[in-house]
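Taken together, the values in this text are just the output of simple stated rules run on the coordinates, not laboratory data. Note that the structure is predicted; figures quoted are calculated from it, not measured. As a convention, Cβ positions derive from the backbone with ideal geometry for all residues, glycine included, and neighbour counts pool all protein chains shown.
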Amino acid sequence: MNDALSLALGRQIELQRQSLVRLIFLLYILLIFEGALRKWVAPGLSNPLLFIRDPFLLMIYFKALQQNRMAMRNLLDYGLLISIGLIALAMLQVMMGDIPLVVAGYGLRNYILYLPLPFVMYANMAPLETIRLIRLLLTLSIPLGALGVIQSYLPVDHFLNQGIGEGDVFTAGNQVRTYGTFSFTAGHGNYLTMMMPIAAGAFLFFAAGSRERHLAVLSILSLSCAAVTSGSRGVIVGLVITAALFILIVALTGGGRNILGAVMATLMVAMLATVSYFAFSEQFENITARFQAADEVEGSIVDRALTPLTKLGDAIGDGSLLGVGVGKGTGGGSYLGTGSQELVLSEEETFRIIQECGALLGVLYVLYRFLLLFAAVRIAMFSLKFAGNPIPALLIAFMAPSLLVGQITLNNTSNGFNWLGLGLLFCASQLPAQQRG
């Protein structure tokens, strides 16, 4: 009888875990397609649909707490302690009249709601489920990459190039900066810069002739074309970082002596770049003009990316101890507080965090993101060294910029990609070595 009860209980726990994993899959699908719902399917519900993922995320947390299935508890606990501090700070700011309660709620959502998700994913997703998720993402990326290319050839005012509301569509030269299925260029950029490392890692990891390897090849081609026609500097830089990391990882395999493999990988990347240049020569000219124009106005993309780090000390010195209001500097927070989406604080992520949260908690939150990156790199290198698994290591091409300077707390879509990307990196590190071929 006891054995029967144990089997029944084990079965129930497993069914709960599988239900939780299905919700994680749903989060990825909603993240990719919520922009399409907001701008094409139900534009009148654009604002409510911004939060469409949140109920399912809360259901995931409820199921995880029921079973007490959380990984890396020490690292998670540090994040939860900072989260408690941010909640207390936000309530104090509301009582002091710095921000309305609704702005504080929106800001706290961007700072802490998704923070536990990677640890839940790590504890609950089995390797076969991670492979299924990677397969799904690769499959979706093929038509979505093609969509981005098509958008680059369409007029600015075409239905497929519309965003949310009546705002202007961004352009690079005489070409639209593509949105994909997203409501803004940032979402499409996040999607491409996350998917390119996944596709490159899947190409190296899965056996030759496997379904996943074939999907990876098609995905790489589709995503590369979408990247070079995106009109986005950040996407082009992400593509270059991924290609460089791809070559490095190939060179490091085989006991660090895979020189021939590295040469072949370099030739493959060079050939792909050459074909892309001739196939999309007009788009290359537009993105080159975009780099030059942006460099004149904003400085080089390297300077812009490093400014939030190199001038972090200045931001701390200029910031107040209690901050001006959690969420006040975001577009959503500004809209909720004033009715306008015009940013009232710095657009640079680390500057704005310290402005909103103050010198103490702001710095702690930024340092926690650095700690997460350190943990991700450590896990990725361990997986590459001992299991020959390149997927987590290639995902560092996305996670490093995202955690260091990415606008995670400013942008709803960037927020989702950061935490779901980190969760996938954690889960991919558990894939068995024999999958590689």
Compute the relative contact order of the chain as a whole-number percentage, counting only Cα pairs closer than 8 Å that sit 6 or more residues apart in sequence.
21
Cα gyration tensor of region 197-251 diagonalised, 5x eigenvalues square-rooted, in angstrom largest first, produces semi-axes 21, 14, 6
With no solvent and one point on each alpha carbon, what is the Debye value of log10 I(q)/I(0) for region 40-161 at q = 0.13, 0.20 Å⁻¹?
-0.84, -1.17
What whole-number distance in Å separates the alpha-carbon centres of region 1-33 and region 50-100?
23
Per the Cα gyration tensor, the chain corresponds to an equivalent ellipsoid with semi-axes, largest first in Å, of 32, 30, 22
Charge-dipole axis of the chain as Lys and Arg at +1 and Asp and Glu at -1 on Cβ define it, positive-most pick from Ser276, Met195, Tyr122
Tyr122
Across 5 Å bins beginning at 0, the whole-percent shares of Cα-Cα pair distances in region 372-437 come to 4, 20, 29, 20, 13, 8, 4, 1, 0
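Dipole size in debye (nearest 20) for region 1-141 around its Cα centre, Lys and Arg Cβ +1, Asp and Glu Cβ -1? Provide the component values of the computation, followed by the final result.
Numbers: 12 positive and 7 negative charges, 71 e Å.
Dipole magnitude for region 1-141 comes out near 340 debye.
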Taking each pair of distinct Cα atoms in region 1-66 once, what is the resulting Kirkwood hydrodynamic radius in Å?
13.8
Who wins for biggest fluctuation among Arg73, Arg378, Arg53 in a Gaussian network model of the chain, springs between alpha carbons below 10 Å?
Arg73
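Please report the orientation-averaged projected area of region 96-161, defined via the convex hull of its C-alpha atoms, in nm².
If you wrap the Cα atoms of region 96-161 in a convex hull and average its projections, you get 8.5 nm².
Per 0.36 nm of contour for each residue apart, how much would the distance between Ser46 and Leu343 grow if the chain were fully extended, relative to their Cα-Cα spacing?
On the way: separation 297, 0.36 × 297 = 106.92 nm, distance 1.98 nm.
Using 0.36 nm per residue and subtracting the Cα-Cα distance, I get 104.9 nm.
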Order 129-139, 95-105 from most to least packed using the mean count of other Cβ atoms within 10 Å.
129-139, 95-105
For the charge dipole of region 17-435, defined by +1 on Lys and Arg C-beta atoms and -1 on Asp and Glu C-beta atoms about the Cα centroid, which residue among Phe398, Cys357, Tyr61 has the Cα displaced farthest towards the positive pole?
Tyr61
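What's the magnitude of the charge dipole for region 316-394 around its Cα centre, counting Lys and Arg as +1 and Asp and Glu as -1 at the beta-carbon? Answer in Debye, nearest 20.
Details: 5 positive and 6 negative charges, 92 e Å.
I would put it at about 440 debye.
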